[in-house]
Amino acid sequence: MSAPLLTALEIGTTTVKVLMAEVREDGVLMVAGTGECESRGVRKGEIIDFELALGAVRRALEDAETNSRRSIGEKVYLAASGGRSESRLHKGGIPILNEYDEAGGEISSEDIEHALDVARKVPLADDRIRLHTLQQHFDVDGRGGIVNPAGMLAEDLKVGMLLIHGRRSTVENLKRLMQNVPVTCADAAFGGLCSALAVLTPEQKRAGSVVIDLGGGTTDFVVTNVGLVQLAGSIAVGGDHVTADICSGLNLNRRQAEKLKKESGNAIINRLAGEQNISIPAEGGFSGRVVRSSALHAIINARMEETFQLIAEQIEENGLSGVLSAGILLTGGGSAMEGVADLARQVFNAPAHIGRVQECTGISTKGEGARFAAVLGCVRYAASQLQDEPKTRSTLREWFSSLWGGSRG
């Protein structure tokens, strides 16, 4: 039986991306087609003009259908970026009783499921929505780091849960937009988690890594260690802010600034490189002029360094700074910026490189893969959610479990 065709959608500030693919039982993702168009009516991951955003989504979906020569179907999976997403670690558990209902006994599979159910019940404010609840390690009588406590003797069993949650209105409005296409939103997954799922190997996840998705209006990040996601979040800063800084710093209009950023931008200030003069033609009522490359790079460096520093501070606050042996993996449109990996290496004091999609055919694994990481990972997430029937829990399910520690979104 062939794998089902799955469709993932990301409604970003700069672009709307669609990816249609199949995931084989061995975990290899086969891309059937992609669609992309300029995003409209979206700012910092939030819808500000419903009709403009709806039109952009429809065009991207139509583009994907044209490129793949196949129908997207009725259900689409959403990679939800931004929305002030945050993570929260919660522990819950139960006492372990023996056959006489006395303290102390052997931990059974039923005890484990009960403890997991208790740990998942994390209260949230009304304006927040649960995106994922990811299982951490168990504690047995206060001793942590237990992977499988079944059969152990104990009096107390606890388990950690990492809750990833976002702003309810942001996610609900994105879903409502999809309903008006009209397509059904089968599920919504945190975009940063999807990007991590696209580029991380199990070895990198065990060693400790940070996946940073540099979008137009927001930047998502996920921190992993010992095979588990241990921190995730989103900050409302992205490539559009770099463009705005260039506009104000060099007195350019937005189109001039965006073109200058893409063609001559660099996140690193290289004082050893020769100074260059960059000619900018007149456009949109703004006169032509000449700017120095050092001035442009200084503006870009300041904003990108601030972005990385905001993430680094959260990592340090959670005690994860010293566990990034696999380093920093960069994805998203902003990862194409010259010097961005070098700057990340400086800020985090760890190896940094552009993320390469894993086990994928039909798309460039480096260039296009980094830009499409969120929707590529969203397809993988979708495939994992379809593995509910016992008869289908085969190699694909084992592959997903090896990467995410057996946890489900």
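For every residue, the table says whether it meets (1) in contact with a Leu (Cβ under 9 Å, 6 or more places away or on another chain); (2) farther than 28 Å from Pro202 by Cβ; (3) at pLDDT below 95; (4) surrounded by 21 or more Cβ atoms within 10 Å (Cβ to Cβ).
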position	(1), (2), (3), (4)
Ile278	yes, yes, yes, no
Phe286	yes, yes, yes, no
Val290	no, yes, yes, no
Ser294	no, yes, yes, no
Glu306	no, yes, no, no
Gly322	no, no, yes, no
Ser325	no, no, no, no
Ser335	yes, no, no, yes
Gly339	no, yes, no, no
Could you list, in sequence order, all residues of the range 346-360 that are at pLDDT below 95 and among the β-branched types (Val, Ile, Thr)?
Val357
I'd like to check something: does the range 190-198 contain any residue that is among the hydrophobic types (A, V, I, L, M, F, W, C) and either surrounded by fewer than 17 Cβ atoms within 10 Å (Cβ to Cβ) or over 17 Å from Phe221 (Cβ atoms) (or both)?
no
Quick one: is Glu263 touching a Ser or Thr at 6+ places or on another chain (Cβ under 6 Å), charged (D, E, K, R) and over 30 Å from Ser321 (Cα atoms)?
no
Does the range 50-57 include one or more residues that are among the acidic types (Asp, Glu) and within 18 Å of the chain's Cα centre (by Cα)?
no
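Yes or no, residue by residue, for (1) charged (D, E, K, R); (2) touching a helix residue (DSSP H, G or I) at 6+ places or on another chain (Cβ under 8 Å):
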| residue | (1), (2) |
| --- | --- |
| Gly238 | no, yes |
| Glu263 | yes, no |
| Ile280 | no, yes |
| Gly285 | no, no |
| Ala295 | no, yes |
| Glu305 | yes, yes |
| Glu316 | yes, no |
Within the range 168-180, identify whether any single residue is in contact with a Ser or Thr (Cβ under 7 Å, 6 or more places away or on another chain), farther than 30 Å from Ile96 by Cβ and in a loop (DSSP other than H, G, I, E, B), and answer yes or no.
no
For the range 343-371, enumerate the residues that are closer than 28 Å to Ile269 by Cα and outside any helix (DSSP H, G or I).
Asn349, Ala350, Pro351, Ala352, His353, Ile354, Gly355, Arg356, Lys366
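Quick check on Asp63: is it without any contact (Cβ under 8 Å) to a residue 12 or more places away in the chain and not aliphatic (A, V, I, L, M)?
Working: without any contact (Cβ under 8 Å) to a residue 12 or more places away in the chain: no; not aliphatic (A, V, I, L, M): yes.
In short, no.
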Exactly one of Ala350, Ala257 is surrounded by 16 or more Cβ atoms within 10 Å (Cβ to Cβ) and in contact with a Cys (Cβ under 7 Å, 6 or more places away or on another chain), and that one is Ala257
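Which residue out of His137, His132, His114 is under 24 Å from the mean Cα position of the chain (by Cα) and more than 30 Å from Val18 (Cα to Cα)?
Numbers: His132 fails: more than 30 Å from Val18 (Cα to Cα); His114 fails: under 24 Å from the mean Cα position of the chain (by Cα).
One residue alone meets the criteria, His137.
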So which residues in the range 16-28 are under 16 Å from Gly216 (Cα atoms) and touching a residue at least 60 places away in the same chain (Cβ under 8 Å)?
Lys17
If only one of Ala125, Ala119 is exposed (fewer than 13 other Cβ atoms within 10 Å of the Cβ), under 26 Å from the mean Cα position of the chain (by Cα) and of a type in the set (A, V, I, L, M, F, W, C), which one is it?
Ala125
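Looking at the range 10-22, is at least one residue of a type in the set (D, E, K, R) and surrounded by fewer than 22 Cβ atoms within 10 Å (Cβ to Cβ)? Break it down into steps so the answer makes sense when it comes.
So the first thing to find is which residues in the range 10-22 are of a type in the set (D, E, K, R), and the list is 10, 17, 22.
From what is left, the residues that are surrounded by fewer than 22 Cβ atoms within 10 Å (Cβ to Cβ) are 22.
Within the range 10-22, one or more residues are of a type in the set (D, E, K, R) and surrounded by fewer than 22 Cβ atoms within 10 Å (Cβ to Cβ).
Here is a yes/no grid of residues against (1) touching a His at 6+ places or on another chain (Cβ under 7 Å); (2) touching a residue at least 40 places away in the same chain (Cβ under 8 Å); (3) acidic (Asp, Glu):
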| position | (1), (2), (3) |
| --- | --- |
| Ile269 | yes, no, no |
| Gly274 | no, no, no |
| Asn277 | no, no, no |
| Gly285 | no, no, no |
| Arg292 | no, no, no |
| Glu313 | no, no, yes |
| Asn318 | no, yes, no |
| Gly333 | no, yes, no |
| Glu338 | no, yes, yes |
Which of the residues belonging to the range 311-320 are surrounded by fewer than 17 Cβ atoms within 10 Å (Cβ to Cβ) and either of a type in the set (Val, Ile, Thr) or in a helix (DSSP H, G or I) (or both)?
Glu313, Glu316, Glu317
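Any idea which of Val57, Val31 is assigned to a strand (DSSP E or B) and either in contact (Cβ under 8 Å) with a residue 24 or more places away in the chain or of a type outside the set (Asp, Glu) (or both)? Before you say what the answer is, go through the steps one by one.
Values: Val57 fails: assigned to a strand (DSSP E or B).
That would be Val31, the only listed residue that is assigned to a strand (DSSP E or B) and either in contact (Cβ under 8 Å) with a residue 24 or more places away in the chain or of a type outside the set (Asp, Glu) (or both).
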For the range 71-101, enumerate the residues that are over 24 Å from the mean Cα position of the chain (by Cα), closer than 14 Å to Thr34 by Cα and surrounded by 14 or more Cβ atoms within 10 Å (Cβ to Cβ).
none
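The values are calculated or read from the model by the stated rules, or taken from the named source; none is laboratory data. These figures come from a predicted structure and were not determined experimentally. Don't worry about glycine lacking a Cβ; one is built from the backbone with ideal geometry, like all the others, and counts go over all protein chains shown.
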